[in-house]
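*Asks:* Handing you this structure, nothing more for now.
The values are calculated or read from the model by the stated rules, or taken from the named source; none is laboratory data. What you see is a predicted model; the values in this text were computed from it and never measured. When we count neighbours, we look across all protein chains shown, and the Cβ atoms used for this are built from the backbone with ideal geometry, even at glycine. Just the protein is used for accessible areas: all its heavy atoms, side chains included, with ligands, DNA and RNA removed. Shrake-Rupley method; radii C 1.70, N 1.55, O 1.52, S 1.80 Å.
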Amino acid sequence: MATNGAPAASVDPDVALAYKFPEVSFAYDERDVALYALGVGACGADAVDDKELHLVHHRDGQRHIKALPTFVSLFPNKNSNGRGIVNVPGIHFDASLLLHGQQYIEIYKPIPSCASVVNKVKVAGLHDKGKATILEIETTTSLKDSGEVLCMNRSTIFLRGAGGFSDSSRPYSYTTYPANQISRISIPNSAPSAVYEDQTQQSQALLYRLSGDYNPLHSDPMVAQVAGFARPILHGLCTLGFAARAVIKSFCNGDPAAVQNIFGRFLLHVYPGETLVTEMWVDGQRVQYQTKAKERDRAVLSGYVLLKQHIPSSL
């Protein structure tokens, strides 16, 4: 359970792993899909962008707009407290010390632009790191009517100050997925296959938060200053959306359905208004990327996007 202030942090793994999360049903429509696309910068530099207009407009008679694959990163919010935090019985921590470390997404079928869906949630990992606990929450989303599985999100959360709940000589570690499921990230020494530059807006976090993440760290100057930032920062998942767009525009001819998996490791905060420069390296179906804040020349995000097909040499 998350609390404000400085509570006595504690972790009871037996209670946490035994908890059965309630299923959550919800619906979304094209307005939600378009609002998200705008929130992660689609058509931000060009309102009639040939590779992105179909994300927000029924172009050339298309029946439905298309959803970015990272749109599904919003789905776990439906199980949270509105601030991106899922309460797990047996886990008590100071919410101000929480860090979102990684996000992994699997897409099993093209994301419809409107649907009724159901979230099923479980603890996929719990690890005692001494000074912190790593909590992994897995959210599987299915279409409500057919039961077809649409996607899976795995969020890796660092709970600072909540570690040390097990024997330090044999620290507690639990996981439900293969250790090699997520490839290691190592930035190549070679020149990138492509580089994409994108200017975020000063109001980017205020626009993105309308998609459902209302953590005041991204909107309230006083909360941001208490957390050690000069002003409100951009949501990490918003930065991930910018990086995914860079890959889709550079190697998928703007087709969001070409994406199969997405992984992102959050390295540093981004201030709204900064320029994001995404460097990309192609290896078969895999596009490895690193995103930097241009003004500070600092890496803020790294990861990879796995595509459904090998990338043509012409791209």
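*Asks:* Give the number of residues within the stretch 254-274 that are farther than 19 Å from Thr156 by Cα, open to solvent by 10 Å² or more (accessible area, probe 1.4 Å) and in a strand (DSSP E or B).
*Replies:* 1
*Asks:* Further question: Go through (1) part of a loop (DSSP other than H, G, I, E, B); (2) open to solvent by 40 Å² or more (accessible area, probe 1.4 Å); (3) modelled with pLDDT of 90 or more; (4) not β-branched (Val, Ile, Thr) for Cys43 and report which single condition fails.
*Replies:* All conditions pass for Cys43, except number (2).
*Asks:* If I filter the stretch 258-277 for residues that are closer than 20 Å to Glu106 by Cβ and more than 17 Å from the chain's Cα centre (by Cα), do I get at least one hit?
*Replies:* yes
*Asks:* Could you name every one of the strands (runs of 3 or more DSSP E) located completely within the stretch 137-251 that has at least 1 residues being crowded, with 18+ Cβ neighbours inside 10 Å?
*Replies:* Per the criteria, 149-160, 194-199.
*Asks:* In the list Ala34, Ala27, which residue meets the criterion of being hydrophobic (A, V, I, L, M, F, W, C), within 20 Å of the chain's Cα centre (by Cα) and open to solvent by less than 30 Å² (accessible area, probe 1.4 Å)?
*Replies:* Checking each option against the conditions leaves just Ala34.
*Asks:* Can you pull out the residues in the stretch 74-100 that are within 23 Å of Ala224 (Cα to Cα) and at pLDDT 95 or above?
*Replies:* Leu74
*Asks:* Which of the residues belonging to the stretch 267-289 are hydroxyl-bearing (Ser, Thr, Tyr) and over 11 Å from Gln201 (Cα atoms)? Give the derivation first.
*Replies:* Our first condition is that a residue be hydroxyl-bearing (Ser, Thr, Tyr); within the stretch 267-289, this holds for 271, 275, 278, 289.
Within the stretch 267-289, Thr278, Tyr289 meet the criteria.
*Asks:* For Phe93, are the conditions met, namely being outside any loop (DSSP other than H, G, I, E, B) and within 16 Å of the chain's Cα centre (by Cα)?
*Replies:* Considered against the rule, which asks whether it is outside any loop (DSSP other than H, G, I, E, B) and within 16 Å of the chain's Cα centre (by Cα), Phe93 comes out as no.
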